[in-house]
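The values are calculated or read from the model by the stated rules, or taken from the named source; none is laboratory data. Since the structure is predicted, the reported quantities are computational estimates derived from the model, not experimental observations. In this analysis, Cβ positions are derived from the backbone assuming ideal geometry, glycine residues included, and neighbour counts consider all displayed protein chains.
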């Protein structure tokens, strides 16, 4: 199956179209004997229309029907019907087109009254042609299903790779959190005791040299505590290189977040730089959660991130809107707590958070923060 796919996909589309046109012309030439100009014109039109069958499959198929009515040809309508079946998911349309081809092939030309015997054979030939027309329809649907399956397998593999990455990052985050707890609960406690004891010795010492040594030990212990607190903060905030921007993300990090999100997203507008840190963090987390949801639940969609301020200056916020997905989404595991967390952040700042589907089938998140809380 892999080898067949390899050699088939290597053939350029123009080469395939050229072969189809040549075979259609040969099929017509074998049936042009004792025909008039009308029949020749319809046959030429049917062959020429095959050049655009990939772009306009239904009109091309309809253009082949007059030739099928006037001449005993099958390749041109079969090629058009196969292309239509490969691209259309409307089975009623495909069945109707197969019936139209069977009618055009079975009907006599020129159209005139038939005897009862000829009517019987016309009816028999109609069902025979209808059964034959099922071949390109089924083959086109099979090619379509195979293409969908290949795309689905690629998406499943991408989802598995994403889940493996998330799992490795979660393991790394747990290990760093555990290390941070050990450093905070054990090492920081011991260094704090050293600093306290050194301070007591410095106060109680009568020898100047002894007092200076105790002061040095106390100063080094305090510096060590500061470094340990900084390291604990970094370990708790960092979950791995793929998600690590800064321990406390701000509005300045939005551009990098959007450009590295892996989706087609744009940043519109700006907010004043004097917004306090909790508000900046809430805006950042809202954009981060929105882009993550687009990646997981709306594959192929594009998004716009709009920073805004109310005209009367009473509020500011961010609105993230994404278009509908262009590919089927995969059922990925989710804790369903992201939107709840964003709503809680907004309420802590005295603001509001809204989310829901848009009129065109997309999705929109909006965070509003009152200015007086800034």
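Quick notes on this structure:
- If only residues of the stretch 283-310 that are more than 15 Å from residue 355 (Cα to Cα) and assigned to a helix (DSSP H, G or I) are counted, the one that is modelled with the highest pLDDT is 284.
- Here residue 251 clears all of (1) surrounded by 12 or more Cβ atoms within 10 Å (Cβ to Cβ); (2) over 30 Å from residue 201 (Cα atoms); (3) at pLDDT below 75; (4) in contact with a helix residue (DSSP H, G or I) (Cβ under 8 Å, 6 or more places away or on another chain) except the condition numbered (3).
- Filtered residues of the stretch 257-279 (kept if outside any loop (DSSP other than H, G, I, E, B) and closer than 11 Å to residue 316 by Cβ): 279
- In the stretch 339-374, residue modelled with the lowest pLDDT [restricted to those that are touching a helix residue (DSSP H, G or I) at 6+ places or on another chain (Cβ under 6 Å) and closer than 14 Å to residue 288 by Cα]: 345
- When the stretch 48-87 is filtered for residues that are over 29 Å from residue 36 (Cβ atoms), in contact with a helix residue (DSSP H, G or I) (Cβ under 8 Å, 6 or more places away or on another chain) and surrounded by fewer than 18 Cβ atoms within 10 Å (Cβ to Cβ), the ones remaining, listed by number, are 54, 87.
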